[in-house]
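Here is the structure we will look at, set down as structure tokens.
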Amino acid sequence: MRDSLQRALRDGPATLQELSGTVSVAEKQLLDHLEHLARSLERQGQRLIVEPSRCLACGFVFDSRKRLAKPGRCPECKSTRISQPRFSIQ
């Protein structure tokens, strides 16, 4: 599972939904795997890159967010129309 996840992340940025379909793992479980993978990659001199979520209503970017899951709503306009973060390996 770990190898297939790394291959999918090396192919380019992907959302949790896209990764879930590629590696056949539920999105909630995938979050735990991504957190573990991020720690493992650091030891190998690589990084898990997270393109932050954005509010589709006002354009707010969640760049200071530490959690990998999609936020529930925008702190600026309170909209729930939020894009999913995208993940890749550098």
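Calculated from the alpha-carbon coordinates, the range 33-90 shows an Rg and a Dmax of 13.0, 40 Å respectively. Solvent-accessible area of the range 33-90 (1.4 angstrom probe, protein heavy atoms only): carbon and sulfur portion equals 44 percent.
Under the simplified labelling scheme, the Ala57-Glu35 pair shows an inter-label distance of 2.8 nm, with each label point 7 Å from Cα along Cα→Cβ. Could you pull out the longest piece of the chain with no exposed loop trypsin sites (Lys or Arg not before Pro) in it, calling a site exposed if DSSP puts it outside H, G, I, E, B and it has at most 13 other Cβ atoms within 10 Å? Maximal segment without exposed cleavage sites: 1-46. The residues of the chain expose on average 65 square angstrom of accessible surface per residue, using a 1.4 Å probe on protein heavy atoms. Here the relative contact order of the chain, from alpha carbon pairs under 8 Å that lie six or more residues apart, stands at 35 percent.
The values are calculated or read from the model by the stated rules, or taken from the named source; none is laboratory data. These numbers come from a predicted model, not from an experiment. Cβ: placed from backbone, ideal geometry, glycine included. Neighbour counts: every protein chain shown. For accessibility, only protein heavy atoms count, side chains too; no ligands or nucleic acids. Shrake-Rupley method; radii C 1.70, N 1.55, O 1.52, S 1.80 Å.
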